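Enquirer: I'd like to ask you about the structure that follows.
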Amino acid sequence: MSSAHTETGTTDWNAETRTSYDTVADSYADQVRHALAEQPYLRSALALFADSVRRSGGPVADMGCGPGHITAHLNELGVDAFGVDLSPRMIEVARRDHPGLHFEVGSLAAPELPDASMGGLIAWQSLIHMPDEDVPVALEHFRRVLRTGGPAQLLFHAGNDSWVKTQGYGGHPMNVPVYRRQPHLVARWLRESGFEVEAHMVLNPDSEFPQALLFARRAA
C-alpha cells in the first residue's frame, strides 16, 4: 500500500473505487501476480477454505477479485470459483491473465447473484473501501447468496484508522477511502447478518499494516 493519503471525508466510494482501480489495474496485477508464493499463511487459509467448499459442493464467488489471482488459485485447488469486481479494467486483466475462468463486472455491496446459489464466498481486501454503514448490508447479501452452511472468508486491514489513498501501485493516482477494522467488529457484523464465526487470525500483527482473516459460515 502506498503511504500517500489524506483524511477520509464524504466520497462516492463506489465510483471512486471503480475509477481508481481502472487506473491501476495493470500495475496492481503485476504486483500481486506471484504474491501468494511468499505468503504461506494466506495459502493455508485458502487451502482450508477450498477443503470446506469441496466437501459441501457448489460454486464460489470471489468478491472483489481484482486481476483474478485468488480466483485462479482456488481453481487450482479444485474449487469451481469465478470472480466479480467493480472495476471493468480489472475484469479485462483477469480475463486476459486467466482465459479459462469466468469473471464479471458487478457490485460488491449488492451482488446480483441468485439466492442460495453459492457453495462458498471469499472477499479478500474488497470491503476495505466500503464505509461502516454499508458493510453489514453487503454481508447480508453475502448470506443471501450462500447456501446454508456455506463458508465465507474475509481478509481485511486490521486497525482503527481510516484515510483516503491518493497514490499507489506503480505511482498512479487514486482516490479511495481505506478503512482498517478490528476483527471483533467485523465478526459482530457477520453474526448480526446471519453467520456463525468459526475463527479469526491476525497476520503480521507487529507490522505497519496487519491483516485480519475471518472464517465464517452461513447459519441455518
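Enquirer: Quick one: with all protein chains in place, what share of the accessible area of the chain is carbon or sulfur, to the nearest percent (1.4 Å probe)?
Expert: Of the solvent-accessible surface of the chain, carbon and sulfur hold 49 percent.
Enquirer: Sticking with this structure for a sec: Take each of the peptides 90-102, 121-133, average the number of other beta-carbon atoms within 10 Å over its residues, and list them starting from the highest.
Expert: So the peptides 90-102, 121-133, ranked by packing, come out 121-133, 90-102.
Enquirer: Further question: So how much slack lies between HIS34 and GLU192, counting 0.36 nm per residue of separation and subtracting their Cα-Cα distance, in nm?
Expert: 53.3 nm
Enquirer: Please give the per residue accessible area of the chain, computed with a probe of 1.4 Å over protein heavy atoms only, in Å².
Expert: Result: 44 Å² per residue.
Enquirer: Now for a separate question. For a quick protection proxy, order the peptides 150-156, 165-171 by their average other-Cβ count within 10 Å, most packed first.
Expert: 150-156, 165-171
Enquirer: Right, here's the next one. Counting alpha carbon pairs within less than 8 Å and at least 6 residues apart, what relative contact order, in whole percent, applies to the chain?
Expert: Answer for the chain is 23 percent.
Enquirer: Can you compute the FRET efficiency between TYR41 and ARG147 using 1/(1 + (r/R0)^6), with r the Cβ-Cβ distance and R0 = 30 Å? Round to the nearest 0.05.
Expert: So, using R0 = 30 Å, E works out to roughly 0.65.
Enquirer: Explain nothing, just compute: Karplus ³J(HN,Hα) = 6.51 cos²θ - 1.76 cosθ + 1.60, θ = phi - 60°, for every residue of segment 32-46 in order, whole Hz, x for Gly and Pro.
Expert: Karplus values, whole Hz, x for Gly and Pro: 9, 3, 10, 5, 4, 4, 9, 10, x, 5, 5, 4, 5, 5, 5.
Enquirer: Still on this structure, I have one more. Using the Karplus curve 6.51 cos²θ - 1.76 cosθ + 1.60 with θ = phi - 60°, work out ³J(HN,Hα) for each residue of segment 181-189 in order, rounded to whole Hz, and write x for Gly and Pro.
Expert: Along segment 181-189, the couplings run 9, 6, x, 5, 5, 5, 4, 5, 4 Hz.
Enquirer: Right, another one. Compute the Cα gyration tensor for segment 90-220, then decide on rounded, prolate or oblate, letting a ≥ b ≥ c be the square roots of its eigenvalues: rounded whenever a/c is under 1.5, prolate when a/b is larger than b/c in the other cases, and oblate in all that remain.
Expert: Oblate, since a/c reaches 1.5 and b/c is not below a/b.
Enquirer: Please work out how much accessible surface TYR21 shows to a 1.4 Å probe, ignoring ligands, DNA and RNA, in Å² rounded to 10.
Expert: Only protein atoms counted, so the area is about 30 Å².
Enquirer: Give me the dipole magnitude in Debye, nearest 20, for the chain about the Cα centre, with unit charges on the beta carbon: positive for Lys and Arg, negative for Asp and Glu.
Expert: Computed charge dipole of the chain: roughly 540 debye.
Enquirer: Just checking my list (i) 0.94; (ii) 1.30; (iii) 0.98 against Cα Rg over 2.2 N^0.38 Å computed from this structure; which label fits?
Expert: Label of the calculated value: (i).
Enquirer: Under unit Cβ charges (Lys, Arg +1; Asp, Glu -1), what dipole magnitude, rounded to 20 debye, does segment 161-220 have relative to its Cα centre?
Expert: Dipole magnitude for segment 161-220 comes out near 220 debye.
The values are calculated or read from the model by the stated rules, or taken from the named source; none is laboratory data. This one's a predicted model, so the numbers in the text were calculated from it and none came from an experiment. Please note: Cβ atoms are built from the backbone with ideal geometry, for glycine as well, and neighbour counts cover all protein chains shown. To get the accessible areas, we keep the full protein, side chains included, count just its heavy atoms, and leave off ligands, DNA and RNA. Shrake-Rupley method; radii C 1.70, N 1.55, O 1.52, S 1.80 Å.
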